[in-house]
Each structure stands twice: as C-alpha cells, then as structure tokens.
Amino acid sequence: MQLPEKIAKLISNEIYTTDKIGMSESSVLLFENKVLKIQEYNKESENEYHIMKWLQEKLPVPKVLAYEILNEKSYLLMSKSDGKMACEEEYMKNPSIQTKLLSSGLKMLWNIDISECPINWRLENKLTQASYNIKNGLVDLDNVEPDTFGENGFKDPTDLLQWLYENQPEEELVLSHGDYCLPNIFGIEDKITGYIDLGRTGIADKWCDIALCYRSLSHNYTGKYNQKQYLGYDDLLLFKMLNIEPDWKKIRYYILLDELF
C-alpha cells in the first residue's frame, strides 16, 4: 500500500487490523493507539479534517496526527477513541445505559457554541450535496429502507429529491454530528468518550441526529446489521431521556434525506 511519506513515517511498521463495522466507503486501519482513515478525496473528507481540528478541546473527538492527500485519496491519521462503540454487546444488552449514553452525546453536541463553526450543513447545502450524489451515481440503492422506492414509495432518487425540496422543515440549528449512528459513538458505561466519522458534522437541524439515532437503534435491535435480535428495546426511550416529544414528520424527512448520502 502506497502511503504519503509523512504518514508512513508516523505509523512505521506498526501492526494493524482493518475495521469492517459501519457503512462507510472508506478503508479504516486500526493500530494500537492510532487510526488511519483512507477514502476518496471529497467534500466530506475535507470537512472531517477541518471540523475535527475545530472541535479539539470542545468535544471528545480524535486528535489529528496527520492529514495528507495523494492520488485523489485523503489520508487522515488520528488518535484512537477510548471506550466501546454504542453497538457493542455490552450496550445492546443494556438499552437504558446505551440510550443514556446516546442522549447525553446529543446534548453535548447541542451545547457547543456554533457561532464560529467552520462547517455549514444546513438543508440548502445538504440538498445541493444530495443532488450532486444523484448526478454522479453516488446513491447506494442497495442500502435504502425497503419502502423508500417502489410501488408505495418514490419513483427514483430524483423524485425523492424533489419531494425533499418541496417539504423542507423549519430547522432548529445546533452542532449536528450528521451521521449519529451507533458505530460512530464511543463510551465507557454512560459517559461519551468519542465521536468519529465527522465528515457531515457542522451546523444543521438537531432532528437530523435524532432521526438517524432512532433509525440506528431500531436497525441494531431488530438484527438488520448483525442478524441478532435483542430484547428490552423501547423505541420511545430516546425521546424520554431527551425530554422531548418525537416529531415524526421531521424524523421521516431526515431518514429520507439520508437515503441520498
């Protein structure tokens, strides 16, 4: 594997394994105390580098050790997050602790002052990116919800995009993770120790993260990703711990929007 010279020196001959969890198109190499993320250089890879640097000392995000671009690929070398992913067995068997972790992680994001946040993922920008994804064949139709397209859904991604433009909700702007799914949140018991996959992190509607967290919990508990079902999941527990009423229209909207990413 050809690596940028600076990164090759930093990892030297260290042993690594390959991370196969999650839906990312990137290659993730796990070292003893470092992580190397390799992906096509694009807007999200550039955003991840900038937002990770901005969030140092603000949130428990990995420390950037090096960032290089070579042959149209980005190489982000960072520190490894402490703790366990929110989808690991310890959490799946303890939904109350797991949901407390996830709800506290959302509140930590929302408490960040966004007045100087360098990345803007408001709907205007997300819909523009969604349009780009459609035009460039970047929508993965193999991983959409079963009722999104077809007889009872939308004709195709372009039809869905038109609906999204016509039904934009009012935004409640916060610092949004942008892909707030269980593999991207790390914790020790109910304490957040890490946020990863930050390419879509920036200013956006709080309901984006709520919607994707809700979907991720549902998918993990019903066995979509690991063919193993768990008992004890209450799909309203997240809202109870956030002390908010679910806004099902917004939740549906942001789950549908995510189909185009």
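Structural descriptor for region 160-201: relative contact order 36 percent, calculated from alpha carbon pairs under 8 angstrom and at least 6 residues apart.
How many angstrom lie between the Cα centre of region 151-186 and the Cα centre of region 192-228? When both Cα centres are located, 12 Å separates them.
For the chain, the relative contact order works out to 22 percent when only alpha carbon pairs closer than 8 Å and six or more residues apart are counted. Here the relative contact order of region 90-228, from alpha carbon pairs under 8 Å that lie six or more residues apart, stands at 32 percent.
Peptides 133-140, 30-37, ordered by how many other C-beta atoms sit within 10 Å of their residues on average, highest first, read 30-37, 133-140. Note on region 163-211: the C-alpha convex hull projects to 4.2 nm² when averaged across all orientations. Mind telling me which of Gly194, Gly232, Gly105 comes out most flexible in a GNM of the chain, alpha-carbon contacts under 10 Å? Per the Cα network of the chain with a 10 Å cutoff, Gly232 tops the list.
Amide H contacts of Glu172: Lys206, Trp207, each under 5 Å away and 5 or more positions distant or on a separate chain (H built 1.01 Å from N in the peptide plane; Pro and chain starts excluded). Given the pairs Lys63/Lys191; Lys9/Lys100; Lys155/Lys250; Lys73/Lys107, which span a C-alpha to C-alpha distance of over 29 angstrom in this model? In this structure, Lys9/Lys100; Lys73/Lys107 lie more than 29 Å apart at Cα. Taking a ≥ b ≥ c as the square roots of the eigenvalues of the alpha-carbon gyration tensor, region 1-144 is classed rounded because a/c is under 1.5.
Each of Met52, Gly137, Gln168 was scored by the projection of its Cα onto the charge dipole of the chain, and the greatest displacement toward the positive side belongs to Met52; charges sit on the C-beta of Lys, Arg, Asp and Glu. Overall shape of region 91-200 was characterised from the C-alpha gyration tensor. The equivalent ellipsoid obtained from it has semi-axes of 29, 20, 13 Å, in decreasing order. Out of all Cα-Cα pairs in region 17-92, roughly what percent, to the nearest whole number, are more than 18 Å apart? In whole percent, the share of Cα-Cα pairs in region 17-92 beyond 18 Å is 44. Classify region 75-120 as rounded, prolate or oblate from the Cα gyration tensor: take a ≥ b ≥ c as the square roots of its eigenvalues, call it rounded if a/c is under 1.5, otherwise prolate when a/b beats b/c and oblate if not. It is oblate, given that a/c is not under 1.5 and a/b is not larger than b/c. Taking each of Lys84/Lys126; Lys58/Lys249; Lys84/Lys249; Lys6/Lys53; Lys37/Lys80 in turn, the alpha-carbon distance tops 20 angstrom for Lys84/Lys126; Lys58/Lys249; Lys84/Lys249. Solvent exposure of the chain amounts to 53 Å² per residue of accessible area, where only protein heavy atoms count and the probe is 1.4 Å. Shown here for region 171-241: GluC sites (Glu not before Pro) in loop regions (DSSP other than H, G, I, E, B) with at most 16 other Cβ atoms within 10 Å, namely Glu172, Glu189. Between amide H atoms placed 1.01 Å from N, distances below 5 Å from Leu70 occur with Tyr75, all of them 5 or more places distant or on a separate chain.
Note on surface exposure: Leu160, Leu236 rank Leu236, Leu160 by accessible area, highest first, 1.4 Å probe.
The values are calculated or read from the model by the stated rules, or taken from the named source; none is laboratory data. The structure displayed is predicted, hence computed values, not measured ones. No Cβ is skipped: glycine too gets one built from the backbone with ideal geometry, and neighbour counts run over all protein chains shown. Heads up: the accessible areas ignore ligands, DNA and RNA and are worked out on the full protein's heavy atoms, side chains in. Shrake-Rupley method; radii C 1.70, N 1.55, O 1.52, S 1.80 Å.
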